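As structure tokens, the structure follows; a few thoughts come after it.
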Amino acid sequence: MKRLLIVVLAAAALWSAYWLVGAQSSRSAFTTWFEDRRAEGWVAEYDDFALRGFPNRFDATWEGLSLADPDSGLAFDLPIFQLLALSYRPTHVIAVGPHAIGIATPAQKFTLASDQLRASLRLTPDAALELERAVLEGDNLLLSGAESAGLSHLNLAAERLGDDATYRTGINAKGLTPPMALLQEVLGTDALPDRMESLTLDATVTFDRPWDITAIETARPQPQIIDLTTLDAQWGVMKIQAKGRIEADAQGRATGTVNLQATRWQDMLTIARQSGALTDTAARMAEGVLSMAAQASGNPDRLDAEITLRDGQAYLGFIPLGPVPPLRLR
């Protein structure tokens, strides 16, 4: 019994020493990171920092955290922010955000409110901290500023495939409320309900480099190839499915094809015409092409069409649909 007690006490002492060394190493790494960002011209300040969790966790908590990147012009204010990790698995991190986050861009300021916002990150055990897997979950998100947008639920997941910069990415969003000014500009005032029922996406994305710590410190990796396995959206009369492959050049201009399936496409065309998104001439041309495509599918209410992207412009056959936003992450 005495020997067993000695073994237990020795193990406890060793584990305590391990936790203290790990905690000191983590504290030093966080301090160095903030100092390096300030040396690069960032705003990187906080009111208070604590590292707790003995004996099985490393729980880092910042209060009054402010971060601003001078290169991107992005700034964040978080009343509280936490990074939580098991002491025996420090590269599997849980990030927990506050109920309200202040966000500033070069154009305007926003507030992101939520009932819950957290992320799970699995990183490589080296200095680069390359992302292996990530899951982000949020409930009742509301982005408010000059315009407001919201989500009742968001689930975003990404998993690295192999050792390169390719990630399988999925999005499941419910109850999406887009900015009303944008909604009315594109679709008119009465064309669609102000709330999209659901949006799901499954895609494999190849970036120009892996996601790692430099994505925060320096610049975001940029998408080069997007293999869209499926995209499903349900919004009022609109029910859309899409898949395809898109490539982006150095400026983010998209080239590729997207196969589109849509039900009640006539209603969508009417919406586009009434809102001014398509001129009467373009709408008549599109209706003729779409009618032939729908008849060929055997169901006049269902459309199977191929959207062609060339140098950042979208085309339905020979009909230009307009520009595609650059595929660039700020």
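Tabulated results
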quantity	calculated
Some residue of region 122-141 being touching a helix residue (DSSP H, G or I) at 6+ places or on another chain (Cβ under 7 Å) and among the charged types (D, E, K, R)	no
Residue in region 175-193 that is on the phi < 0 side of the Ramachandran plot, modelled with pLDDT of 90 or more and under 15 Å from the mean Cα position of the chain (by Cα) present	no
Selection status of F58, closer than 21 Å to G97 by Cα, more than 26 Å from the chain's Cα centre (by Cα) and in a strand (DSSP E or B)	yes
Residue, nearest to N140 (Cα to Cα), within region 92-129, restricted to residues that are in contact with an Asp or Glu (Cβ under 6 Å, 6 or more places away or on another chain) and exposed (fewer than 15 other Cβ atoms within 10 Å of the Cβ)	D115
Residue, surrounded by the most Cβ atoms within 10 Å (Cβ to Cβ), within region 68-91, restricted to residues that are farther than 11 Å from T105 by Cα and among the hydrophobic types (A, V, I, L, M, F, W, C)	A85
Residue satisfying all of: in region 208-232; charged (D, E, K, R) and more than 16 Å from the chain's Cα centre (by Cα); surrounded by the most Cβ atoms within 10 Å (Cβ to Cβ) among these	D227
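Results for (1) touching a strand residue (DSSP E or B) at 6+ places or on another chain (Cβ under 7 Å); (2) over 25 Å from V135 (Cβ atoms), shown as yes or no for each residue.
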{"site": "S25", "(1), (2)": "no, yes"}
{"site": "A29", "(1), (2)": "no, no"}
{"site": "T32", "(1), (2)": "no, yes"}
{"site": "A60", "(1), (2)": "yes, no"}
{"site": "A68", "(1), (2)": "yes, yes"}
{"site": "A75", "(1), (2)": "yes, yes"}
{"site": "L84", "(1), (2)": "yes, no"}
{"site": "S87", "(1), (2)": "yes, no"}
{"site": "V93", "(1), (2)": "yes, no"}
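The values are calculated or read from the model by the stated rules, or taken from the named source; none is laboratory data. Please read all numbers here as calculations on a predicted model, not as lab measurements. Cβ atoms come from the backbone with ideal geometry, glycine included; neighbour counts cover every protein chain shown.
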